[in-house]
1. Counting other beta carbons within 10 Å of each residue's own, what order do B:His299, B:His364 fall into, fewest first?
2. How high is the FRET efficiency from A:Val22 to B:Ile261, r the C-beta distance, R0 22 Å, rounded to 0.05?
3. Could you give the size of the charge dipole of chain A about its Cα centre, using +1 on the Cβ of each K and R and -1 on the Cβ of each D and E, expressed in debye and rounded to the nearest 20?
4. Top mean-square fluctuation among A:Gln139, A:Gln274, A:Gln41, Gaussian network model of chain A, C-alpha springs under 10 Å?
5. For the protein assembly as shown, what mean projected area does the convex hull of the alpha carbons give, in nm²?
6. Compare the Cα positions of A:Gln280, A:Ser349, A:Ser362 along the charge dipole of segment A:268-376 (+1 at Cβ of Lys, Arg; -1 at Cβ of Asp, Glu; about the Cα centre) and return the one farthest towards the positive end.
7. Taking the Cβ-Cβ separation of A:Leu368 and B:Ala230 as r and a Förster radius of 25 Å, what is the calculated FRET efficiency to the nearest 0.05?
8. Other chains' Cβ within 10 Å of A:354-363 residues: what's the mean?
Amino acid sequence: MPPWRDVRVLRIIAQIAAVLVVLAIGLVLWGNLTTSMARSQLSFGLGFLDSVAGFEIAESPIPYRATDTYGRALLVGLLNTLLVSLVGIVLATVLGVLVGVARLSGNWLVNRVAAGYVEVMRNTPLLVQLVLIYAVFLQLPGTTNSIALPGSIFLNQRGLFVPRPEIEAALGPWLTFVAAAIVVAVGARIVSSRRSAAGRTTRGIGLIGLAALVVLPVVGGLVVGAPVGLELPVLERFNFVGGLALSPEFTALLVGLVVYTAAFIGEVVRGGVQAVRRGQVEAALALGLTPSQTLRLIVFPQAMRVIVPPLTSQYLNLAKNSSLAVVIGYPELFNVSRTAASQTGQPISVIVIVMAAYLTISLGTSLLMNIYNRRVQILEQ
Amino acid sequence: MSTEQLAPPVASLGPAGWMRKNLFSTWYDALLTVVLGSVLTLAVFRVAEWSLTEARWGVVTANFRLFLIGTYPVDDAWRIWMSMTILSVFAGVSAAIYGGGAIRTLSAWLAAGQALLGGLALVSGMGPAVAGALLLNATAVGIAFMAGLRRPVSRRTLSLAWLASVPVSVVLLYGIGGPALPIVGTNLWGGLLLTFVLAIVGIVLSFPFGVLLALGRRSDLPVVRTLSTAYIELIRGVPLVTILFMASIMLPLLLPGDIRIDQVIRAMAGITLFSAAYVAENVRGGLQAIPSGQIEAAHALGLSTIQRNLYIILPQALRAVIPANVGLFISLLKDTTLVTIIGLLDVLGIGRAVLAQAQWFGAHMEVYLFIAAIFFVMCYTMSQASYRLEAALGVGKR
């Protein structure tokens with residue numbers, strides 16, 4: 001066979017050609033880039049990371065001053081992104097599950113309200129929702145007329161003020177009670193599975209474990225004192241003192257991301273539960289499982305298998321969507337990087353760093369969720 | 001022997017029975033209904049009160065032209081309405097030729113939407129000419145539909161007409177110079193016009209790239225597969241804003257020095273690069289849904305790789321991913337609001353510019369609710385149409 005008819009040779013040639021085409025395009029673009037950058041006096045390089053940033057950042061989880069470096073400023077942005085994403089993911093999951101359950105509810109009103117919520121959220125741009133929520137925030141009453149919510153939570157123009165959990169001295173002794181509770185619960189579990197394997201009744205043993213988990217920590221709290229205290233926000237003359245103050249930007253972004261993503265998560269949850277065949281539930285009940293066992297042992301594991309992959313992409317969307325905070329001024333990664341890009345004269349280096357950071361977050365999250373997904377999927381075999 | 005199944009007896013519950021079953025079946029159900037019902041009623045009353053008495057809707061009507069077409073020259077605005085007429089006529093004819101419910105729904109909404117905008121134009125003082133043009137377009141959908149029913153054209157002609165409408169619309173909107181069609185630079189495009197142009201250009205241009213990337217990702221050549229996968233995962237791993245930002249900074253630098261491109265073109269390029277990765281993933285789903293027997297049969301018939309893709313695989317795969325791509329178009333339409341961040345005056349950008357006027361200080365709620373309502377109507381309609389399309393194509397039933 002002549003080499004030009006040999007599939008193996010052709011395959012190699014095709015791949016070399018593909019690489020060459022990509023390289024050629026890359027080289028042309030690179031050539032243009034370097035010439036135009038030289039002309040407009042831009043440069044590459046990471047040297048700017050060590051120079052003084054010179055701009056303030058409104059909120060930061062770590063100490064930051066205008067005299068700190070660009071590197072630290074970007075780190076603050078990254079931490080803010082991670083903070084709002086993590087809190088957002090937790091809250092969106094809780095709300096999303098609620099929405100999904102409401103969508104499955106037999107109560108017509110609950111069902112319709114949830115459906116309306118989902119449609120409104122899914123069919124309007126998140127960016128518009130964010131600016132709308134922020135606008136609502138700015139129309140709230142001032143500090144002295146704060147809206148008081150149950151549980152010492154106050155809402156006003158300057159933000160959301162919530163109690164802050166504080167670790168008390170009693171935490172150490174209290175943890176020994178918790179440890180004891182865990183030991184009892186695990187013991188009960190082992191006994192229960194042994195008896196079950198031996199074909200004897202396990203009735204009541206699970207209850208003992210559960211009771212230990214609830215009762216022992218409560219007793220511990222009563223004996224040694226509360227392990228975690230709450231520092232309440234208190235209105236002094238001009239502002240709230242104590243507690244945890246969340247800025248309007250952070251709160252608006254968090255609320256926006258949570259209510260938006262929860263609509264999608266709700267649909268994911270509903271789809272997952274509906275994907276479990278009706279016969280599975282009927283079979284479980286026929287086998288004599290209780291409704292709660294059916295839910296826990298039959299419906300939940302099968303639904304999780306359907307839910308996890310789309311849930312992952314919703315989490316990733318939430319993290320990526322946090323970059324929209326730039327319109328309401330929350331200093332997350334993209335916002336900080338935009339300031340840095342315009343100040344340093346090295347916009348390309350900055351934006352590449354930022355994209356790499358987002359990519360790392362995305363790939364890291366999908367990696368973790370893939371591992372979890374594989375564990376869930378194994379149940380199928 | 002066949003047993004005839006009897007339908008279950010019709011439950012004659014009546015309104016009271018229906019309420020007992022669906023609203024008050026248990027005590028906590030009843031509690032939920034009462035609490036939710038009262039909260040909802042209160043909220044509806046409060047919102048109605050606000051929008052009827054306090055809200056300054058004048059901010060919308062006074063700036064309606066801006067919301068609709070941005071700073072597109074008034075004297076040339078007829079070119080926009082004209083390209084809408086082309087769209088309306090073709091949509092009407094398509095609704096007649098393709099009997100599917102989805103296209104008919106979309107066409108009906110195109111007519112209704114234009115009628116609504118025409119009505120708003122009349123109220124907002126954009127002049128009876130604009131209102132008349134929009135109302136005429138709305139009727140054009142209906143007339144074209146009737147004409148299409150009476151004298152059907154072939155699907156081939158219709159597809160060619162749709163293809164031809166693209167350059168015609170571009171020429172109409174952008175112009176070719178000269179007194180008849182002076183050039184209207186894209187920097188003057190704005191409002192809903194820009195929102196639509198960005199979304200449509202994004203989905204149309206990204207489609208071929210997306211198909212190629214999807215084929216590349218499923219290729220058995222490792223290098224091609226790696227390159228395609230890397231591109232797709234890279235784009236999907238970063239937010240759209242960063243890509244838009246990158247495009248707005250990098251594109252001028254990447255081109256040879258004598259070519260200048262303005263922000264709108266840069267945004268289009270960014271959106272296209274972004275959505276290509278998502279189209280690719282949709283198409284990949286369609287490719288995976290093709291039974292392997294089809295590919296084996298193509299092999300057995302001696303078709304080449306190119307023939308196999310063109311005649312066997314792609315026609316089936318692309319058909320299967322139409323609903324998913326409608327979904328993608330919807331999210332793209334919503335995502336075009338992000339160009340506000342790089343300083344373009346799409347419908348949200350116009351809204352923010354309007355709010356910067358001292359006269360309309362503080363009318364945030366009105367402006368943003370109006371924009372949200374526009375998007376809701378458009379996206380909800382399209383998503384409903386896509387469900388019907390999905391049902392018609394039988395995609396979900398595999």
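The numbers here are math on the coordinates, done by the rules we state, and not lab data. Quick caveat, the model's predicted, so the values are computed rather than measured. Positions of Cβ are backbone-derived with ideal geometry, glycine not excepted, and every protein chain shown enters the neighbour counts.
1. B:His299, B:His364
2. On the way: r = 23 Å, r/R0 = 1.04.
About 0.45, to the nearest 0.05.
3. In total the dipole reaches around 1520 debye.
4. A:Gln41
5. Projected area, direction-averaged: 48.3 nm².
6. Of the candidates, A:Gln280 comes out farthest on the positive side.
7. Details: r = 21 Å, r/R0 = 0.83.
So, using R0 = 25 Å, E works out to roughly 0.75.
8. 4
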